[in-house]
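> Encoded as structure tokens, here's the structure I'll be asking about.
The values are calculated or read from the model by the stated rules, or taken from the named source; none is laboratory data. Not measured: the values here are computed from a predicted model. Heads up, the Cβs are rebuilt from the backbone with ideal geometry, glycines too, and the neighbour counts pull from every protein chain shown. Quick note on the areas: whole protein, heavy atoms, side chains included, nothing else; ligands and nucleic acids left out. Shrake-Rupley method; radii C 1.70, N 1.55, O 1.52, S 1.80 Å.
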Amino acid sequence: MSERIRKTTADRERANLADYAWVRHDFSWQHARSWLSGLPGGRGLNIGYEAVDRHAVGERAGAVALRCLDRSGAVRDVTYAELARRTSRFANALRARGIGRGDRVFTLLGRTPELYVAALGTLRAVSVCAPLFPAFGPEPVRERLHRGGGKVLVTTPELYRRRVAPIRADLPELRHVLVVGDGPAPEGTESFTAAVDAAADTFEVPPTDPDDMALLHFTSGTTGHPKGAVHVHEAVVAHYATGLYALDLRPDDVFWCTADPGWVTGTSYGIVAPLVHGATVVVDAAEFDAPRWYDTLQRLRVTNWYTAPTALRMLMRHGAELARRHDLSALRFIASVGEPLNPETVMWTREVFGRPAHDTWWQTETGAIMISNYAGMDVKPGSMGRPIPGVEAALLERGDDGRARVVDGAVRVLDTPGAVGELALRPGWPSMFRGYLGDEERYRAAFAGGWYLSGDLARRDGEGYYWFVGRGDDIIKSAGHLIGPFEVESVLMEHPAVAEVGVIGKPDAVAGEVVKAFVSLKPGYRPIDALRLELLALGRRRLAALAPKEIAFDQHLPHTRSGKVMRRLLKARELGLPEGDLSTLEVSR
Ligand code: 6R9
């Protein structure tokens, strides 16, 4: 091993970009493991310990871990020492309620300090953290709590009344609901503040096997229910390494990930990676607002900013002038994730911020960034970049259904530059999902011929850069959020007028895609506007953020040979593709 590689982590973190290029050369996951401390006495590896405990003693104890903005824009800081005390109290409160290793603790909260305290306290207690997106309607909430076997839920009185109380009776496993906020706790819940105040503020992280379950994130499939992707404590090795390479994280950075922890980006990079690096994490309770965002970047002197193409496109709409009125000189690194980052947006960030947005590609299942335009490499606008150190990617030849062709368990790797194939990864990186909870078969189906199959289609150029082509399945990406068409169809099907539904992602200039539903009606019902509004309202009530934005009536929905609504054909029609091109789409899925 070379002298340079043997440098301490701190040296490496302070290294200039040229050093990153050098370190990559000898990278191995095993080596990256040595960058973390591990639990004292060789008692294993715990994400919460790496993110909190080890900074809470010594020189970083007084450093700001969370810089929280409330809706009014007021700032509240939580130091690492304070975070250790508060997460200890939460971990002790869990223990006092008999919640232990492997038990699932769900959160349904806005981006407030309590969300971070609950998530990190849960990880330190070796229970499993399962964050839900607070804009989910009661149906997605019920589905996920039920499938995840949630024993504890941390939420607010208001979200509890609106989203959970109506379905509580369907969730016999849910034993404790802790509510954050002032005022009386609704019946069947208890006060979060009272629970943590009653608990001691020191907690020793118990021995943690790197393979212990740590995080549960639900993701959408084409058919069937949402899938609970299981991540283990060892994932922290990948969170740390990708934070270093792909997001250029260093201990004194002010890091702002704009994703909600209800989605995987908001936990891997909104909580874990920056804290493990000892950086300051910006936590903003408010939703997107262009002037506020520029103000936040300026006022908090954000150095690394991880956001999404939709957000960047929305900022573009507000014009460069607004950006130029702010002092963004602290901003060193901009990265993007979740949906294709178009070259125009990269050019715009280069022009307005003086630095390009670095695209990164990954999935709930991969747990961490796999492909990116990482620090120190030339950004090719429109490309997702190259596999990060330690990741082996490939493109696999496709079959008639658009996904990798598997013959007798084997697949064919495409080597020709420019060839389009299913993007696949060689299993073995630390943050790889270890299962879909309670769904062995779907997990197995995600692998073939020694590869994990991503479901995305891509091509690679002669220099090894990957270019996103599209999804190989019907899953929708709207404003960076994954939406399973089945979940939306199921809710609309409950309406007495509805005979059949096909849901697709309709291209949208800002959000990438929006959810559009094609509905055929039962005899006796007429396709009138009042019914359309009723269906839109049903969607909003039950699904909230996942609801369709548009509904079209169509008594001739196309079907696959096996009789399912053929979403791909609906989509092709929506895109105005000529009928002749559709033959290959007529495949049963
Ligand atoms: C992290 C996250 C995963 C799907 C993925 C792909 C799309 C993510 C992308 C991208 C084009 C990128 N996606 N990053 N498409 N360019 N840089 O988003 O996880 O919610 O599971 O979504 O998102 O289709 O397969 P998740």
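> Among the candidates T193, T223, single out the residue that is surrounded by fewer than 23 Cβ atoms within 10 Å (Cβ to Cβ), away from the ligand (no atom under 16 Å from the Cβ) and assigned to a loop (DSSP other than H, G, I, E, B).
Numbers: T193 fails: assigned to a loop (DSSP other than H, G, I, E, B).
Of the residues listed, the single one that is surrounded by fewer than 23 Cβ atoms within 10 Å (Cβ to Cβ), away from the ligand (no atom under 16 Å from the Cβ) and assigned to a loop (DSSP other than H, G, I, E, B) is T223.
> I've got another one for you. Considering each residue of the range 514-533, count those that are under 30 Å from A311 (Cα atoms) and surrounded by fewer than 22 Cβ atoms within 10 Å (Cβ to Cβ), and give that number. Give the derivation first.
So in the range 514-533, the residues under 30 Å from A311 (Cα atoms) come out as 514-518, 532-533.
Subsequent filtering for residues that are surrounded by fewer than 22 Cβ atoms within 10 Å (Cβ to Cβ) retains 514, 532-533.
Number of matching residues: 3.
> If you don't mind, another one. Return the only residue of P417, P381 being more than 13 Å from the ligand (Cβ to nearest atom) and under 19 Å from G462 (Cβ atoms).
Exactly one of P417, P381 is more than 13 Å from the ligand (Cβ to nearest atom) and under 19 Å from G462 (Cβ atoms), namely P417.
> Could you please give the count of residues in the range 297-341 that are in contact (Cβ under 8 Å) with a residue 40 or more places away in the chain, more than 16 Å from the ligand (Cβ to nearest atom) and assigned to a loop (DSSP other than H, G, I, E, B)?
Residues in the range 297-341 being in contact (Cβ under 8 Å) with a residue 40 or more places away in the chain, more than 16 Å from the ligand (Cβ to nearest atom) and assigned to a loop (DSSP other than H, G, I, E, B): 6 in total.
> Okay, next question. Any idea how many residues of the range 342-365 are more than 6 Å from the ligand (Cβ to nearest atom) and touching a helix residue (DSSP H, G or I) at 6+ places or on another chain (Cβ under 6 Å)?
Total meeting the criteria: 5.
> So, of the residues in the range 434-479 that are within 12 Å of the ligand (Cβ to nearest atom) and touching a helix residue (DSSP H, G or I) at 6+ places or on another chain (Cβ under 6 Å), which turns out to be least open to solvent (accessible area, probe 1.4 Å)?
D474
> Considering only helices (runs of 4 or more DSSP H) fully contained in the range 483-589, which possess at least 3 residues that are on the phi < 0 side of the Ramachandran plot and at pLDDT 95 or above? Spell out how you get there, then give the answer.
Numbers: elements: 485-493, 529-543, 567-574.
Helices (runs of 4 or more DSSP H) meeting the threshold: 529-543.
> Does V420 qualify as being more than 30 Å from G102 (Cβ to Cβ), free of Cβ contacts under 8 Å to residues at least 60 places away in the same chain and open to solvent by 40 Å² or more (accessible area, probe 1.4 Å)?
When the stated conditions are applied, V420 passes them.
> Give the range 376-403 a look and list any residue that's among the acidic types (D, E) and within 23 Å of G428 (Cα to Cα), or say none. Full working, then the answer.
Going residue by residue through the range 376-403, those that are among the acidic types (D, E) are 378, 392, 397, 400-401.
Scanning the range 376-403 gives E392, E397.
> Shifting gears a bit: Could you please find all residues in the range 287-324 being among the small types (G, A, S) and in contact with an Asp or Glu (Cβ under 8 Å, 6 or more places away or on another chain)? Full working, then the answer.
Initially, the range 287-324 is screened for residues among the small types (G, A, S), giving 290, 308, 311, 319-320, 323.
Once the filter is applied, which keeps residues that are among the small types (G, A, S) and in contact with an Asp or Glu (Cβ under 8 Å, 6 or more places away or on another chain), the range 287-324 yields A308, A320.
> Mind listing just one residue for me: the one in the range 394-403 that is at pLDDT 95 or above and open to solvent by less than 20 Å² (accessible area, probe 1.4 Å) and, of those, nearest to V469 (Cα to Cα)? Even if it seems obvious, please write down each step before you answer.
Kept after step one, since they are at pLDDT 95 or above, are these residues of the range 394-403: 394-397.
When the remaining residues are screened for being open to solvent by less than 20 Å² (accessible area, probe 1.4 Å), the result is 394-396.
Details: A394: 14, L395: 12, L396: 13 Å.
Restricting to residues being at pLDDT 95 or above and open to solvent by less than 20 Å² (accessible area, probe 1.4 Å), the top hit is L395.
> For the subset of the range 366-378 comprising residues that are within 14 Å of the ligand (Cβ to nearest atom) and modelled with pLDDT under 95, which member is least open to solvent (accessible area, probe 1.4 Å)? Don't jump to the end; show me each part of the working.
Taking the range 366-378 as the starting set, the residues that turn out to be within 14 Å of the ligand (Cβ to nearest atom) are 366-374.
With the extra rule that they be modelled with pLDDT under 95, the set shrinks to 373-374.
Details: N373: 1, Y374: 18 Å².
Taking the candidates together, the pick is N373.
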